[in-house]
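The values are calculated or read from the model by the stated rules, or taken from the named source; none is laboratory data. Source: prediction; values computed, not measured. Cβ atoms come from the backbone with ideal geometry, glycine included; neighbour counts cover every protein chain shown.
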Amino acid sequence: MQTVFSHIIQKRYSQSYEDIATDTLAYIIKTHKSTYDEMMLMLKDILPEIPNLEFQTQVGEGTIRPDMWGYRGMDTFIFIENKFWAGLTEHQPVSYLTELASNSHETLLLMIVPVAREQAMISQLTHRMLQADVDFDQERKPKGVVWCIKTSIGPHLALSSWNRMLNALDSGAEDDPAAQRDLALLRSLCDAADIDRFMPLNAEELTNQNTPALLIQMAQIIHESIGIANREGYLSTKGLTKASTFDGYGQHIRLPDENGAGAWFGVEYELWKAYSTPLWLKFSNTAWGRAAEVEPLLKEWNQDEHQLVRKQNGKFAISINLATGVEKDELLERVVEQIREIGIAFSDLPPNVEEI
């Protein structure tokens with residue numbers, strides 16, 4: 001639903017969607033008792049012992065700056081982190097959970113994302129925690145929540161979507177026209193943030209030289225990691241070519257050698273957009289790509305560290321993780337190691353001599 005509010009935000013402040021949505025959500029909760037009560041019911045369904053809370057936005061603490069805090073007196077109980085399509089920061093979620101763990105009572109990190117991003121965000125959060133050796137136990141799904149866990153360091157972590165959150169708040173505002181009006185405005189803002197809508201170009205984005213620099217750097221990572229893995233005998237490019245299309249660029253390879261399963265290795269924009277990670281191995285559902293054969297092997301090998309996606313026409317894709325905050329040599333080493341491990345997982349496949 002387009003409103004004058006969402007029109008102005010989309011036209012003038014599209015780079016600040018998350019901050020505006022956070023401030024709007026906080027305003028609605030503080031202003032309308034019906035939505036505050038519904039918010040507390042949702043939170044108490046996750047943490048039954050928490051008191052009624054006050055909420056504040058954009059308050060920093062050390063290296064973290066949660067979008068919203070839920071507190072009572074001097075005690076912090078909840079961080080709420082609101083996302084549309086921005087990626088996780090280097091501190092999310094582990095630093096947030098660590099900060100919450102310093103409290104002696106039960107605490108919660110609640111993340112809110114678009115519905116279309118729920119499953120990808122679960123994979124990303126899981127991967128971040130596994131990297132930091134933070135174990136967790138799955139819990140039931142409280143009202144308005146798609147995923148809820150109890151971490152080994154203490155805090156709970158829950159994931160909701162803007163649609164689920166607004167539906168929950170709306171259910172308590174049936175007799176509150178003012179609250180319904182404000183919730184409708186926030187919903188219109190969330191609709192306007194749809195990543196698949198055409199967004200008018202702006203000069204800042206077009207002149208940001210970091211964007212083409214990143215794309216060039218990704219091409220270098222693909223080229224150099226394939227070269228290293230080929231020399232080390234972890235894959236083969238014999239007789240194969242580079243393959244670029246309107247939605248990505250990469251190279252055809254075989255794993256673990258020239259008789260192995262055929263794959264495309266590179267950057268795919270649609271998968272990057274949907275799952276917030278640029279680098280992928282894709283297997284076609286052909287005698288060359290053997291997606292049906294490699295999918296169970298990759299699921300067994302994966303152990304929740306990579307994102308697995310079944311695409312149209314039986315194609316199958318697995319993300320290749322890129323290390324952040326490290327020098328180029330270490331980044332390449334980690335990419336090549338993942339290729340090596342996948343090749344080992346394919347070692348029992350019968351030889352394949354089919355062409356693309």
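Looking at V336 and the list (1) in contact with a strand residue (DSSP E or B) (Cβ under 9 Å, 6 or more places away or on another chain); (2) closer than 18 Å to G250 by Cβ, which single condition is not satisfied? All conditions pass for V336, except number (1).
Residues in region 194-247 that are among the β-branched types (V, I, T) and at pLDDT 85 or above: T207, T211, I216, I221, I222, I226, I228, T237, T241.
State whether one or more residues within region 261-271 are among the aromatic types (F, W, Y), assigned to a helix (DSSP H, G or I), in contact (Cβ under 8 Å) with a residue 24 or more places away in the chain and buried (at least 20 other Cβ atoms within 10 Å of the Cβ).
Kept after step one, since they are among the aromatic types (F, W, Y), are these residues of region 261-271: 264-265, 269.
Within this subset, residues satisfying the condition of being assigned to a helix (DSSP H, G or I) are 269.
Now drop any that are not in contact (Cβ under 8 Å) with a residue 24 or more places away in the chain, which leaves none.
No, region 261-271 contains no residue that is among the aromatic types (F, W, Y), assigned to a helix (DSSP H, G or I), in contact (Cβ under 8 Å) with a residue 24 or more places away in the chain and buried (at least 20 other Cβ atoms within 10 Å of the Cβ).
Between K315, K328, which is touching a strand residue (DSSP E or B) at 6+ places or on another chain (Cβ under 7 Å), at pLDDT 90 or above and on the phi < 0 side of the Ramachandran plot? It is K315. Restricting attention to region 68-106, the residues that are touching a His at 6+ places or on another chain (Cβ under 8 Å) and surrounded by 15 or more Cβ atoms within 10 Å (Cβ to Cβ) add up to 2. One residue alone among L109, L125 is buried (at least 21 other Cβ atoms within 10 Å of the Cβ) and assigned to a strand (DSSP E or B), and that residue is L109.
Screening D182 against (1) loosely packed, with under 14 Cβ neighbours inside 10 Å; (2) not assigned by TED's automatic domain parsing to the domain that holds V335 leaves a single unmet condition, (1). Restricting attention to region 216-243, which residues are of a type in the set (A, V, I, L, M, F, W, C), surrounded by 14 or more Cβ atoms within 10 Å (Cβ to Cβ) and assigned to a helix (DSSP H, G or I)? Within region 216-243, M218, A219, I221, I222, I226, I228, A229 qualify.
Might you check whether a residue that is touching a strand residue (DSSP E or B) at 6+ places or on another chain (Cβ under 6 Å), closer than 11 Å to L281 by Cα, among the hydrophobic types (A, V, I, L, M, F, W, C) and in the same structural domain as V335 (by TED's automatic domain parsing) occurs anywhere in region 239-252? No, region 239-252 contains no residue that is touching a strand residue (DSSP E or B) at 6+ places or on another chain (Cβ under 6 Å), closer than 11 Å to L281 by Cα, among the hydrophobic types (A, V, I, L, M, F, W, C) and in the same structural domain as V335 (by TED's automatic domain parsing).
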